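To start, the structure under review is shown below, and the notes come after it.
Please treat every number below as a calculation from the coordinates, not as lab data. Just so it is clear, the model here is predicted, and its values are computed rather than measured. No Cβ is skipped: glycine too gets one built from the backbone with ideal geometry, and neighbour counts run over all protein chains shown.
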Amino acid sequence: MSQTPVTVTYSLEEILKQINSKLDKIDEKFEAKSDKFEAKLDTLQKDVSEFRTETKVSIESLKGEIKTLDAEVKGISKRLDTQEFINRSVVVGFILAIGTGAVKLFFPNFPH
């Protein structure tokens, strides 16, 4: 049961050509992926730049709105001060009316 050895003869030049062609294919695929990645990265950078610009504009508009709200709060504060004065006056009037009514009720002949 002796086996005869199998011999395969290839030239070294042919093997190196096949290796080079496979390396070239891999390099082409890598360059294509790299180009796609760079394009996506550029798009992402543009999006981030636009987002920054929009954020800055939004912050500036919010600052303006805060100033407007601050002025409105000051105006409301002045109106509330006036309203509180009126309410105190009305409460004092009610208390005096109730007190006068109670005196008249319990002491009908008080002023005489």
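Assorted remarks:
- About the Cα centre, charge dipole magnitude for the stretch 40-112 (Lys/Arg +1, Asp/Glu -1 at Cβ), debye: 320
- Helix-only [θ]222 nm of the chain, DSSP H runs n ≥ 4, -39500 (n - 2.57) each, per residue, nearest 500: -32500 deg cm²/dmol
- Residue of Ser77, Ser49, Ser21 that the Gaussian network model of the chain assigns the largest fluctuation, springs spanning Cα pairs under 10 Å: Ser21
- Percent of alpha-carbon pairs separated by more than 23 Å within the chain: 76
- Farthest positive-ward along the stretch 10-71 dipole, Cα basis, beta-carbon charges - from Ile26, Ser61, Ile15: Ser61
- Total lysine pairs in the chain at Cα distances under 29 Å, for residues eight or more apart or on different chains: 22.
- Local electrostatic count at Glu60 - Lys and Arg +1, Asp and Glu -1, tallied over other residues with Cβ under 12 Å: +1
- Sequence-ordered 3J(HN,Hα) estimates for the stretch 35-48 from the Karplus curve with 6.51, -1.76 and 1.60 and θ = phi - 60° stand at 5, 5, 5, 5, 5, 5, 5, 4, 4, 5, 5, 5, 4, 5 Hz, glycine and proline given as x.
- The Rg/Rh ratio of the stretch 59-99, with Rg taken over Cα atoms and Rh as the Kirkwood radius over Cα pairs, comes to 1.42.
- Reducing the stretch 84-111 and the stretch 15-48 to their Cα centroids gives an inter-centroid distance of 93 Å.
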